[in-house]
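Only one structure is covered here, and it is reproduced in the block below.
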Amino acid sequence: MAEHMRCLVTGATGYIGGRLVPVLLERGHHVRAMARTPDKLSGAPWRDRVEVVQGDLTKPDSLVAAFEGIDVVYYLVHSMGTSKDFVAEERQSARNVVAAAQKAGVRRLVYLSGLHPEDVPLSRHLASRTEVGQILIDSGIESIVLQAGIVIGSGSASFEMVRHLTDRLPAMTTPKWVHNDIQPIAINDVLHYLAEAATVAVPTSRTWDIGGPDVMEYGDAMQGYAQVAGLRRRL
């Protein structure tokens, strides 16, 4: 693939999207940033270096102009927490993206999904993310689905939850999920993989697991944060 690509970043107002845009710009790519409410990008430090368009993955007509002339579409939008039936909305959004990409002649789709073990029951959230990835892979458009664990970086939802609980509660009765295994990954590593996905040669459309070197329980992550933050061990 050409070194400099025309990239569309959906979800540009989000945590990952807003940090990916400047990384793509540094690599010389042309970036079009899509948001439901473009005015939310007016304060972004990179605003004057990108093309901003309005678009909503749930509204197919809004995607026509946004996808036109694009080589690589970054799918960084999730409906969980914003929709009554996020599973159905995510499924339809994925189909809308595929249809718009096929019509526009998009060459590659890049989706950030969730890391999960094989052959175990998944939560509705993870099952939905997995289904979206499969819809893209089955589209006939070259697709890279990156499956990440919890993302560690100031401002990420997962990290802020760990930080908030650890800061506020020296002792707590923990829910079962505190013993769930996780494989955290640093935000800069996620951005590296996403940026590389614009041009890297791949043999076929498929999923790729991305995570840091350590597998631990959520509780271990909380204790690790407490140690770094200079707090006493949590009970």
* To do: Select, from ARG129, ARG168, ARG124, the only residue that is touching a His at 6+ places or on another chain (Cβ under 9 Å) and of a type in the set (Lys, Arg).
  => ARG129
* Structure fact -> In region 169-213, anything more than 20 Å from GLU118 (Cβ to Cβ), charged (D, E, K, R) and either modelled with pLDDT of 90 or more or touching a helix residue (DSSP H, G or I) at 6+ places or on another chain (Cβ under 9 Å) (or both) is listed as ASP189, GLU196
* Out of region 190-233, which residues are small (Gly, Ala, Ser) and over 14 Å from ILE152 (Cα atoms)? -> ALA195, ALA197, ALA198, ALA201, SER205, GLY219, ALA226, ALA229, GLY230
* assigned to a loop (DSSP other than H, G, I, E, B), within 30 Å of HIS4 (Cα to Cα) and open to solvent by 60 Å² or more (accessible area, probe 1.4 Å): does that describe PRO203? -> yes
* Asked: Of all residues in region 6-41, how many are touching a residue at least 24 places away in the same chain (Cβ under 8 Å) and either open to solvent by less than 10 Å² (accessible area, probe 1.4 Å) or farther than 18 Å from ASP189 by Cα (or both)?
  -> 23
* **Selected residue (only one of ARG19, ARG27, ARG6 is within 21 Å of TYR193 (Cβ to Cβ) and under 16 Å from the mean Cα position of the chain (by Cα))** => ARG19
* Asked: ASP138 passes all but one of (1) over 20 Å from ARG233 (Cα atoms); (2) open to solvent by less than 70 Å² (accessible area, probe 1.4 Å); (3) among the charged types (D, E, K, R); which number fails?
  -> (2)
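The values are calculated or read from the model by the stated rules, or taken from the named source; none is laboratory data. Being a predicted model, the structure only gives us computed values, none of them experimental. Ideal geometry is used to build each Cβ from the backbone, glycine not excepted, and the neighbour counts take in all protein chains shown. Each accessible area value is taken on the protein alone, full model and side chains, heavy atoms only, with ligands, DNA and RNA left out. Shrake-Rupley method; radii C 1.70, N 1.55, O 1.52, S 1.80 Å.
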